[in-house]
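Chemist: Pasting a structure here, questions to come.
The values are calculated or read from the model by the stated rules, or taken from the named source; none is laboratory data. Quick caveat, the model's predicted, so the values are computed rather than measured. Positions of Cβ are generated from backbone atoms using ideal geometry, with glycine treated the same way; all protein chains shown enter the neighbour counts. The accessibility values were calculated without ligands, DNA or RNA, using every heavy atom of the protein model including side chains. Shrake-Rupley method; radii C 1.70, N 1.55, O 1.52, S 1.80 Å.
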Amino acid sequence: MPTVLITEPIAESAVEVLKQKGFHVQFEYEKRNSDHAPEDVTAVINRLHPISDEWMAQYPNLKIIAYHGVGYDGIDTEAAKARGICVAITPGQNALGVAEHTMTLIMALSKQLVAVASDYKKDGFSCKYAHSYSEVADKTLGLIGLGNIGLRVANMARNGFAMHVIAYDPFLKTAPNGIELVQDRMEIFREADFISPHLNLTDDTFHSIGETEFKAMKPTACIINVSRGAIIDEPALVRALQENEIGGAGLDVTDPEECALSNPLLHMSNVIVTPHIAGSSKEALERVATMCIANIECYFAGKELPGRKIV
């Protein structure tokens, strides 16, 4: 049976499934490496670990990279193609968790939950009067990208919180009932109270939200990012927050991925930063890992992959 290299922790239940199915499992984290040689590795399950051409060269018999998620920008797909390595993703498997996290950040910012909870521990009950709290009902949510995750967020916001939802997606001509599709991307920034991009990181989306977009936003509006940190020009975001051009930010991703403790974003009361956990619910991790395993199994069996083949 193939040897599967796991670059970062996945659902432990999935590791057991791999073993039960007869796969040899090798780890590249927490000193859990087995004694399998690099040439034994024929499949990789990868999360955020960068996969470069040099990295792939370590494993001369590697046949498939089963990406644990959908944002595969950290994989050198051209190098994989040149080496004849399949790259497969797991669309839709963590969409619910990411959508829930988006709404959690929106609600937490509107209620100032992190700031007031922190102040309560320091200042006591009097902190009740030190913050301003808002409702989200009748507020406008602006989405950029209306794929699996964006559509789930839209439905949660509309049906659960009575928000008005507008969306920009150049690949769509119509949107589901109740979602207003706009043709001018900047309308999202001008009109929305909360703005949430749901995009893959590409040359076109890199730093696609920056000074121009922040200046167009309402001074009370908040930006949410659960996609990729580099979609936002982070220095421009910091300036916009410091100069009160916008109301706040809820970020599950930063640029670079590991946010330095000295980063000013971690020290602003109107900013919430989480360490890329939106798609890491227990349930989502199990679904994603299960599809990774299925992608590997089907690849070696010569069957159509249940996920999506990128290369």
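Chemist: Considering only the range 153-184, how many residues are assigned to a helix (DSSP H, G or I) and either open to solvent by 70 Å² or more (accessible area, probe 1.4 Å) or in contact (Cβ under 8 Å) with a residue 40 or more places away in the chain (or both)? Outline the logic, then answer.
Modeler: Of all residues in the range 153-184, those assigned to a helix (DSSP H, G or I) come to 153-161.
Next cut, either open to solvent by 70 Å² or more (accessible area, probe 1.4 Å) or in contact (Cβ under 8 Å) with a residue 40 or more places away in the chain (or both) only: 153, 156-157, 159-161.
Residues in the range 153-184 being assigned to a helix (DSSP H, G or I) and either open to solvent by 70 Å² or more (accessible area, probe 1.4 Å) or in contact (Cβ under 8 Å) with a residue 40 or more places away in the chain (or both): 6 in total.
Chemist: In addition: What are the residues in the range 223-248 that are open to solvent by 30 Å² or more (accessible area, probe 1.4 Å) and polar (S, T, N, Q), if any?
Modeler: The answer is Gln242, Asn244.
Chemist: Of these, Val288, Val238, which one is among the hydrophobic types (A, V, I, L, M, F, W, C) and in contact with a Pro (Cβ under 8 Å, 6 or more places away or on another chain)? Spell out the reasoning first.
Modeler: Working: Val288 fails: in contact with a Pro (Cβ under 8 Å, 6 or more places away or on another chain).
Within the list Val288, Val238, the selection yields Val238.
Chemist: Give Ser132, Ser126 a once-over and let me know the one that is farther than 18 Å from Leu266 by Cα and not in a helix (DSSP H, G or I).
Modeler: Values: Ser126 fails: not in a helix (DSSP H, G or I).
Going through Ser132, Ser126 in turn, the sole match is Ser132.
Chemist: Could you look through the range 199-219, keep only residues that are open to solvent by 20 Å² or more (accessible area, probe 1.4 Å) and either part of a strand (DSSP E or B) or touching a residue at least 60 places away in the same chain (Cβ under 8 Å) (or both), and pick out the one that is nearest to Glu100 (Cα to Cα)?
Modeler: Asn200
Chemist: Go through (1) β-branched (Val, Ile, Thr); (2) open to solvent by less than 70 Å² (accessible area, probe 1.4 Å); (3) in contact (Cβ under 8 Å) with a residue 60 or more places away in the chain one by one and return the number of the condition Thr254 breaks.
Modeler: So Thr254 meets the others, but not (3).
Chemist: Shifting gears a bit: Every residue in the range 37-62 that is within 24 Å of Ala230 (Cβ to Cβ) and surrounded by fewer than 22 Cβ atoms within 10 Å (Cβ to Cβ), please.
Modeler: Arg47, Leu48, His49, Pro50, Ser52, Asp53, Glu54, Trp55, Met56
Chemist: Give the range 262-284 a look and list any residue that's open to solvent by 30 Å² or more (accessible area, probe 1.4 Å), assigned to a helix (DSSP H, G or I) and either among the acidic types (Asp, Glu) or touching a residue at least 40 places away in the same chain (Cβ under 8 Å) (or both), or say none.
Modeler: Those that are open to solvent by 30 Å² or more (accessible area, probe 1.4 Å), assigned to a helix (DSSP H, G or I) and either among the acidic types (Asp, Glu) or touching a residue at least 40 places away in the same chain (Cβ under 8 Å) (or both): Lys282, Glu283.
Chemist: Against the definition (touching a residue at least 12 places away in the same chain (Cβ under 8 Å), open to solvent by less than 70 Å² (accessible area, probe 1.4 Å) and part of a helix (DSSP H, G or I)), how does Cys259 come out, yes or no?
Modeler: Numbers: touching a residue at least 12 places away in the same chain (Cβ under 8 Å): yes; open to solvent by less than 70 Å² (accessible area, probe 1.4 Å): yes; part of a helix (DSSP H, G or I): no.
Taking the combined requirement at face value, the residue does not satisfy it.
Chemist: Among the residues of the range 63-82, write down those that are open to solvent by less than 30 Å² (accessible area, probe 1.4 Å), aliphatic (A, V, I, L, M) and either at pLDDT below 95 or not in a helix (DSSP H, G or I) (or both).
Modeler: Ile64, Ile65, Ala66, Ile75
Chemist: Further question on the same structure: Looking only at the range 114-145, which residues are touching a helix residue (DSSP H, G or I) at 6+ places or on another chain (Cβ under 7 Å), buried (at least 20 other Cβ atoms within 10 Å of the Cβ) and aliphatic (A, V, I, L, M)?
Modeler: Listed by number, the residues that qualify are Val136, Leu141, Leu143, Ile144.
Chemist: Among residues belonging to the range 296-311 that are surrounded by fewer than 16 Cβ atoms within 10 Å (Cβ to Cβ) and of a type in the set (A, V, I, L, M, F, W, C), point out the one that is farthest from Ala43 (Cα to Cα).
Modeler: That would be Ala301.
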